[in-house]
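Since the structure comes first, as structure tokens, the remarks are kept for the end.
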Amino acid sequence: MSLKSERRAIHVDQSELLCKKGCGYYGNPAWQGFCSKCWREEYQKARQKQIQEDWELAERLQREEEEAYASSQGAQGGQPSLGFTKFEEKKSNEKTRKVTTVKKFFTASSKSVPKKDMKEAKAPSPSLTRQYSIETDRVSKDFIEFLKTYHKAGHDVYKQCKVFLEAMHHKKESNIDELSEFTQDFYQNTADKLQMYWKVPPNKVEEAMDQIEKFLMTRLYKHVFCPETTDDEKKDLTVQKRIRALHWVTPQMLCVPVNEDIPEVSDMVVKAITDIIEMDSKRIPRDKLACITGCSKQIFNAIRITKNEPASADDFLPTLIYIVLKANPPRLQSNIQYITRFCNPSRLMTGEDGYYFTNLCCAIAFIEKLDAQSLNLSEEEFNRYMSGQASPKKQDSDIWDADTCPGVKQMHRNLDLLSQLSERQERIVTGAKKLEKDLIDWTEDVTREVQDIVEKYPLHIKANSQALASIDSENVEDDRLPPPLQPQVYAG
């Protein structure tokens, strides 16, 4: 039976891209399949529950300590060593210390930071204080000019943004999830205030939120992108290593409906790769999303030209996976997490940006779980390709265009030859090892059979009872010998 009949197609139903709570917005793997709105609701419930449990634990520890203190005072024979005022002061101090300790325990960051690093982080260099880059200054001027068109609402928004930046500066030691939640709350509150209090039209609200995100994230980028308190960098290296190991995957294996022999299609593939790589150079989440959208549009155009018909979702996802494998974008997971945490949530929940971003998350998940069956390969072939022992042959390598470089033709012929030699050598080594094993097994079998026969039929050698006569001894029956054989006596 051919492997093709067992192939698992690369297909994602559109319903799988939506929030699993059924609200109609796009979900996100980073939010466990929820959209931004539903995830925040679930997160708030879990957070409130955790806070309630923390306070209950703090109160229980406080009661236990007060009981222990009262017992120790009673054991001293009723002689009060402290006055009532001092006792209340000590109890208040102990309560504050205990509650603070418990709160610190439950609000610690996901990754402990060495004390040395914390001291260094609390003492920023004077040269960096209040010094912004040229881009930051330009963004600030553009933001102020933009808010002038909003009059009083613009002044209020600018004031709130400055307060938010100041609060984020004081929260820089907090967990990245808390910073993300704080940012998302600010986005939501600002949008609601613009629409309800200042009566700004929805399209103008969305435009204002884009400018707010640009203004804030330009300043906060170096503090909230791939922070040391997370494992984002570790995930980046893991994904990058995985993609490098899959460098041998061909478009045919993924059923990519793109013909790169068409010059126009080849240019679009290059542009798509450039867009997805350029994502890392952007500082604003919306600009990173724009790179993903630009890459996706190039893919749709390449499929449309190749098939001479509009591309479908089933054609898009395999091609996006192929582009990601060819590009191997730097800090891919960090960029995904940064967009998830600090992008305006409305962009991820609806629209083409949210659709393309969700598909990119699906493509990364597929790459992480890619196996032999997904590529229509046997387990042996897949493992050999992954280990670098062999590489897939180029299909129809003898069919070339007239303008193909001779060096490219020779390179592919040499690769085919090396692949054949590698397979031949592997067969010879396997045969030699088998022969060696057979010889060892044959020797052991023969030795064992001989030992069994010797044990079953032991050899006993009996000693001769009559002593053998010496050849020179006197023969008493010499007379019976024929004349030529009779002993001759010679005179001495």
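What to note about this one:
- Ranked packing of 254-264, 445-455, most packed first, by mean Cβ within 10 Å: 254-264, 445-455
- Overall form of region 185-260 per C-alpha gyration tensor (a/c, 1.5; a/b vs b/c): oblate
- Extension gain for K434-Q420 works out to 2.9 nm (0.36 nm per residue, less the C-alpha to C-alpha distance).
- Cα gyration tensor, region 316-447 - rounded (a/c under 1.5), prolate or oblate: oblate
- Dimensionless Rg ratio for region 240-380, taking C-alpha atoms and the 2.2 N^0.38 Å reference: 1.03
- Peptides 175-183, 283-291 ordered by average Cβ neighbours within 10 Å, highest first: 283-291, 175-183
- Cross-link check: pairs K326/K369; K235/K297; K49/K159; K204/K297; K288/K369 evaluated at a Cα-Cα cut-off of 22 Å; pairs beyond the cut-off: K235/K297; K49/K159; K204/K297; K288/K369.
- I273 sits among other residues whose Cβ lies under 15 Å from its own Cβ, and their net charge, with Lys and Arg +1 and Asp and Glu -1, is -2.
- Seen from every direction in turn and averaged, the convex hull around the alpha carbons of region 181-325 projects onto 11.4 nm².
- Under 5 Å, built H, 5+ apart or other chain: amide partners of L18: G27
Every number here is computed from the coordinates shown, using simple stated rules; none is lab data. Since this is a predicted model, take the numbers as computed values, not measurements. Backbone-built Cβ (ideal geometry, glycine too); neighbour counts: all protein chains shown.
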